[in-house]
Amino acid sequence: GLELSHCVGTNSLGPAGPWRSGGPCKMKRVRTVFKPEQLERLEQEFLKQQYMVGTERVDLAATLHLTETQVKVWFQNRRIKWRKQSMEQKAAKLSQFGVTQPASADSTGSKEHEEDTVDVEL
């Protein structure tokens, strides 16, 4: 599940804002470390389909002993990695033919899903 480490620093200076729980203890999310077997299965599923939704995601999460959110975020991050690799491969092919792309050009077109633009780690 989601693990939180407690009391990262004890800075109690200033008033407690809405981002704090009111105490000097600041919560920090711990990064999920996936087991090799989990990663292998997640990669297998990603090769079949880049989007995992609904009962498929629930079933996969249960099979891998992960939360549905962890599976969802893994797929979001994996799609970002896949797009980046695709862009690099495309740029490499174009450079073989002496064609260069402007650095500011967005060759992916419009973004299909806004949630994919956020790199969230659990």
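Observations, loosely collected:
- Against the criterion of being in a loop (DSSP other than H, G, I, E, B), open to solvent by 50 Å² or more (accessible area, probe 1.4 Å), on the phi > 0 side of the Ramachandran plot and at pLDDT below 90, residue 14 qualifies.
- For segment 59-68, a residue qualifies if it is at negative phi and open to solvent by 70 Å² or more (accessible area, probe 1.4 Å), and the qualifying residues are 59, 63, 68.
The values are calculated or read from the model by the stated rules, or taken from the named source; none is laboratory data. Bear in mind the structure is a predicted one, so any value in this text is a computation, not a measurement. With ligands, DNA and RNA removed, areas are computed over all heavy atoms of the protein, side chains included. Shrake-Rupley method; radii C 1.70, N 1.55, O 1.52, S 1.80 Å.
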